[in-house]
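Peer 1: To start, I am sharing the structure in question, which I have written as C-alpha cells.
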Amino acid sequence: MTVVASSVSSQVLEILRRQSLSPRGVQKEAIEKGLLLGESIMIVSPTGSGKTLVGEMAALRAVLSGKKAMYLVPLRALATQVGEIIRDRYSEVGISVGTSTGDFQTDGEYLGESDIVVTTYERADSLVRRHVGWLTEIGTVVIDEIQTISEGIRGARLESLMIRLRRMLPELQIVALSATVGAPADLAEWLGCTLIHSDTRPVPLHCAVVPTSDRLRTLRNIVMTTVRADGQVIVFCRTRRDAESYAARLAGDVGRQLTSHETVELNSELDSVENWEADVPRELRRLLHDGIAFHHAGLAYRTRELVERLFRRGLLRVMCSTSTLSAGIDFPARTVVVTNPRSPQDYTQFLPANRVHQMLGRAGRPGHDQAGFGVILAGSQGEADMLRNFYFDSVKNPETDAEILIPRYEPLLSSLGDPHVLPEQLLVAVAHLGQATLQEIEDGFFGDSFLTFCAITVTRTPMRVLNLGEIDAASAIERHA
C-alpha cells in the first residue's frame, strides 16, 4: 500500500466516522479486499446488508484521489433518491453531487462540475455516446442493481455501456452491487471484480405460497394480522390500478387500528405538507389519513418521497406498490405480500425469480423485527404448487417436519443476443468503433461482451454473434440493422 493510498483510505474512514457510520459485514470485507485501494469489487448480498455504503465509500475514494465517480442506478426515482442521500451526507466535506436522469437532449458537459454523478443506465449510455469530455476523469463506476444485466433491453444497454466504459477507461474501478442471485461468479469475472457473496440477512426471512380463491380477503387477513401486531406491510401489486384498488379497499380496516396518538401525529405531519392539494392526488390524500398509501411510477417524485418518508417513520402502516419499491435503497417492512407474481406485460408469464425474491427480501426491519415474512398469493392450489416449484426449493425442518421454503435464484445471463436488442447494439458498436468491418465489430465489440464470455465459459468455443460465416456484409447490415 502506498502512502497516498493509505492516506485516502484513512480520509474515507474518517468521513464515515463523522457521519456515525462504521463499516460492518460486507462493507468491512470489501475494505479488506482492497475497495479503498482501487480494487474492483462485486457485492452480492440480501436487502439491508449495507451494499449502498460500499458504493459510497468507493465514490469517496475516487474523489479524494483526484478523480470523479459515476453512480449508476436503473430508475429515475432511485437516481434522485441516491443523489440526495449522498449530497446530504458528504456536502459538508466539500464533495459536490450532480444528478441527471431524463435530459437526453443536453450534452451533459455541465455535469463535469460535480465530483460524483448519479444517473440512470440510459442517461449514462447517452453521455458515453456523446463522448462527453469529463468522462475521461472518471476513476470509479458504481453499478447498483447489476442483476438488471439479465433483463431485456435495459440489461443489453447496461452490458453495452460497460463494454464501452472499460475500453475507454482501462484503469477504471468497478463496484457492482447486486441483490442475491444465482451463480454470480461469471459476471464478477467478466467485470474483473473480486466477488463478495453473502447470504447473511440482518433479519431471518420466512416465506410461504398461499392458495386462495379470494385474493382480497386473504390479503386483508395477512395485512391486518401484521398491523394489529404493530407491524408494517408492503403489498406488491401487478399494476398501478391494482395498487390503488387494494389500498382503497384496505384503508378502512387499517385506519381503525391507528391509535389516537398516531392519528394526531399523522394528521400533524400531513397538515405541514406544502402544496398538499396540488402535489398529492385526491384519492391518495384520503388514504394517507388512514395510515395507508399506494406507490408507483405514475406519482410525482415529491409525492413518492412523501409517502416513503411517512412509511419509514412508521406513520403509514401499509404501502401498496408496483415493483418500484423492489429496487434500490433499503425500504423494509415486517411483512411483504406479492399479490400476483404474473408479468404486467404478459399474464401467461411469471415474474423472474430474482425479481420476486428481491421483493420478498424487503421483509424484516433490522432493529425492529425478530423475523420477516414473505407471502406469494396464488389463485389455486395448482398454481400454488407451480409457484412453489418455480421460486423455491423445499426442505423439511428436522425437528417439526414442517416445510421450509428456500429461495431459488436464477443465474445471471446476458440479454445482448436477444434479436429485439441486437440491431440497436450493432449500431452502437459501429458508432463506438468508427470505420470498421463487420468482423472487426464482432471481434472488437461483441468479443468483449458478457454474452460471448458466457458462451465461451459454457461451451469452451468461440461464439459467432453476427453469424458472419453464413452471410455477406451487405445482408448482415440488412438483417441486423
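The values are calculated or read from the model by the stated rules, or taken from the named source; none is laboratory data. The shown structure was predicted, so the numbers you read here are calculated from the model rather than taken from an experiment. Cβ coordinates were reconstructed from backbone atoms using ideal geometry, including for glycine residues, and neighbour counts include every protein chain displayed.
Peer 1: Can you tell me which of Phe294, Phe350 is of a type outside the set (D, E, K, R), under 26 Å from Ser268 (Cα atoms), in the same structural domain as Ala251 (by TED's automatic domain parsing) and under 20 Å from the mean Cα position of the chain (by Cα)?
Peer 2: Phe294
Peer 1: Another question about this same structure. Can you tell me how many residues within region 358-378 are more than 12 Å from His206 (Cβ to Cβ) and either modelled with pLDDT under 95 or exposed (fewer than 12 other Cβ atoms within 10 Å of the Cβ) (or both)?
Peer 2: Residues flagged as more than 12 Å from His206 (Cβ to Cβ) and either modelled with pLDDT under 95 or exposed (fewer than 12 other Cβ atoms within 10 Å of the Cβ) (or both) within region 358-378 amount to 8.
Peer 1: Does Glu269 satisfy being closer than 21 Å to Val223 by Cβ, of a type in the set (D, E, K, R), touching a residue at least 40 places away in the same chain (Cβ under 8 Å) and surrounded by fewer than 19 Cβ atoms within 10 Å (Cβ to Cβ)?
Peer 2: No: the conditions fail for Glu269.
Peer 1: Let me ask you something else. Before we move on, is Val223 more than 20 Å from Pro407 (Cβ to Cβ), more than 26 Å from the chain's Cα centre (by Cα), crowded, with 19+ Cβ neighbours inside 10 Å and not assigned by TED's automatic domain parsing to the domain that holds Glu29?
Peer 2: no
Peer 1: Among the residues of region 113-171, count how many are over 21 Å from Val421 (Cβ atoms) and of a type in the set (A, V, I, L, M, F, W, C).
Peer 2: The qualifying residues number 11.
Peer 1: Looking only at region 29-51, which residues are crowded, with 20+ Cβ neighbours inside 10 Å, part of a helix (DSSP H, G or I) and not hydrophobic (A, V, I, L, M, F, W, C)?
Peer 2: Lys51
Peer 1: Enumerate the pairs (first residue in region 65-76 and in contact (Cβ under 8 Å) with a residue 60 or more places away in the chain and within 16 Å of Glu151 (Cβ to Cβ); second residue anywhere and surrounded by fewer than 21 Cβ atoms within 10 Å (Cβ to Cβ) and of a type in the set (Phe, Trp, Tyr)) with beta-carbon separation below 8 Å, excluding pairs fewer than 6 apart on the same chain, so at least 6 apart or on different chains.
Peer 2: No pair meets every condition.
Peer 1: Among the candidates Leu451, Leu416, single out the residue that is buried (at least 18 other Cβ atoms within 10 Å of the Cβ), in contact with a Phe, Trp or Tyr (Cβ under 9 Å, 6 or more places away or on another chain) and in contact (Cβ under 8 Å) with a residue 12 or more places away in the chain.
Peer 2: Exactly one of Leu451, Leu416 is buried (at least 18 other Cβ atoms within 10 Å of the Cβ), in contact with a Phe, Trp or Tyr (Cβ under 9 Å, 6 or more places away or on another chain) and in contact (Cβ under 8 Å) with a residue 12 or more places away in the chain, namely Leu416.
Peer 1: Residue check: is Tyr246 surrounded by 15 or more Cβ atoms within 10 Å (Cβ to Cβ) and either of a type in the set (Phe, Trp, Tyr) or in the same structural domain as Leu75 (by TED's automatic domain parsing) (or both)?
Peer 2: yes
Peer 1: Take the residues in region 353-387 that are of a type in the set (Val, Ile, Thr) and more than 20 Å from the chain's Cα centre (by Cα); name whichever of them is farthest from Asn221 (Cα to Cα).
Peer 2: Ile376
Peer 1: Which ones in region 79-95 are in contact (Cβ under 8 Å) with a residue 60 or more places away in the chain and buried (at least 20 other Cβ atoms within 10 Å of the Cβ)?
Peer 2: Gln81, Val82, Tyr90
Peer 1: Right, something else. So, in region 19-55, exactly how many residues are in contact (Cβ under 8 Å) with a residue 60 or more places away in the chain and on the phi < 0 side of the Ramachandran plot?
Peer 2: Summing the residues that are in contact (Cβ under 8 Å) with a residue 60 or more places away in the chain and on the phi < 0 side of the Ramachandran plot in region 19-55 gives 20.
Peer 1: Specify which of the listed residues (Ser160, Ser126, Ser114, Ser100) is under 21 Å from Ser178 (Cα atoms) and buried (at least 19 other Cβ atoms within 10 Å of the Cβ).
Peer 2: Result of the check over Ser160, Ser126, Ser114, Ser100: Ser160.
Peer 1: Are any residues in region 174-221 touching a helix residue (DSSP H, G or I) at 6+ places or on another chain (Cβ under 7 Å) and basic (Lys, Arg), and if so, which ones?
Peer 2: Arg220
Peer 1: Follow-up question, since we're still on this one. Does Ile471 count as surrounded by fewer than 16 Cβ atoms within 10 Å (Cβ to Cβ), β-branched (Val, Ile, Thr) and either in a loop (DSSP other than H, G, I, E, B) or modelled with pLDDT under 75 (or both)?
Peer 2: For Ile471, the condition - surrounded by fewer than 16 Cβ atoms within 10 Å (Cβ to Cβ), β-branched (Val, Ile, Thr) and either in a loop (DSSP other than H, G, I, E, B) or modelled with pLDDT under 75 (or both) - is met.
Peer 1: Out of (1) hydrophobic (A, V, I, L, M, F, W, C); (2) in contact with a His (Cβ under 8 Å, 6 or more places away or on another chain); (3) under 21 Å from Gly55 (Cβ atoms), the odd one out for Ile153 is which?
Peer 2: So the condition that Ile153 fails would be (3).
Peer 1: Let me ask something additional. Please go through region 224-239 and pick out each residue that is under 15 Å from Pro344 (Cα atoms) and touching a Phe, Trp or Tyr at 6+ places or on another chain (Cβ under 8 Å).
Peer 2: Within region 224-239, Cys237 is the sole residue that qualifies.
Peer 1: For region 307-318, give me each residue that is aliphatic (A, V, I, L, M), buried (at least 22 other Cβ atoms within 10 Å of the Cβ) and assigned to a helix (DSSP H, G or I).
Peer 2: Val307
Peer 1: Go through region 163-186 and report how many residues are among the polar types (S, T, N, Q), at pLDDT below 90 and either more than 16 Å from the chain's Cα centre (by Cα) or not assigned by TED's automatic domain parsing to the domain that holds Leu53 (or both).
Peer 2: 0
Peer 1: Which residue, of Ala183, Ala188, is among the aliphatic types (A, V, I, L, M), touching a residue at least 40 places away in the same chain (Cβ under 8 Å) and surrounded by 15 or more Cβ atoms within 10 Å (Cβ to Cβ)?
Peer 2: Ala188
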